[in-house]
């Protein structure tokens, strides 16, 4: 875990503003793509075909770096915010989780951050910080996006840790202790979710599949 001094409220507010701008730009992009899809359908294209075409355009924009917002900036902000979250007191962790309440696009992206950024970097570098940052993102998202997707992302993180020679259970438990202890949407708390991940059916399943391969 980080030993840096706690961040100031002013700096957290700056990060919140930047996240809000990125979220707004992403929502506007979604709206623009939705309008293009509608025009394709109105011209007679099958709905599924139009959806697939829009998805390809979106992926091409992301791969080509032509998306109307900076994914690099978003990742850097999340790197910093997750690090700060690990070092924050309970009040500031609650504040950080609150940043994502009305930012649906960047909130959903936290899952991609866990499985698509933290996990690969953990496996390739062997640096425990990526395990901690991925777990911080899971704590921040607080099961507000489909928990089944979160299971998949955390599974990737766990296996990446083991591939890097790191035993992840203790670090899962450490981040569980600083996570929300209140039940979420009628489900168990994120604290219990992370603490119990080591015995989850999902983890057992993916570890069996890896053993077969």
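Taken together, the values in this text are just the output of simple stated rules run on the coordinates, not laboratory data. Please read all numbers here as calculations on a predicted model, not as lab measurements. Neighbour counts are summed over all protein chains in view; Cβ atoms, including those assigned to glycine, are modelled from backbone coordinates with ideal geometry.
Annotations
- Tilt relative to the chain, helix 9-42 - C-alpha long axis, 0 to 90 degrees, to 10: 40 degrees
- Rounded if a/c under 1.5, otherwise prolate or oblate - the range 106-181, Cα gyration tensor axes: oblate
- Bins of 10 Å from zero: percent of alpha-carbon pairs in the range 71-212: 12, 47, 34, 6, 0
- Each peptide in 169-176, 108-115 gets a packing score, the mean of other Cβ atoms within 10 Å over its residues, and the list from highest to lowest is 108-115, 169-176.
- Percentage, to the nearest whole number, of Cα pairs in the range 34-137 over 25 Å apart: 38 percent
- In a fully extended conformation the segment linking residue 209 and residue 163 would gain 15.1 nm over its present Cα-Cα distance, using 0.36 nm per residue.
- With semi-axes defined as the square roots of five times the eigenvalues of the C-alpha gyration tensor, the equivalent ellipsoid of the range 22-79 measures 26, 12, 7 Å, largest first.
- Against the main long axis of the alpha-carbon atoms of the chain, helix 90-99 sits at an angle near 10°.
- Distance cut-off 15 Å, percentage of C-alpha pairs in the range 80-133 lying past it: 54 percent
- Tilt relative to the chain, helix 47-64 - C-alpha long axis, 0 to 90 degrees, to 10: 60 degrees
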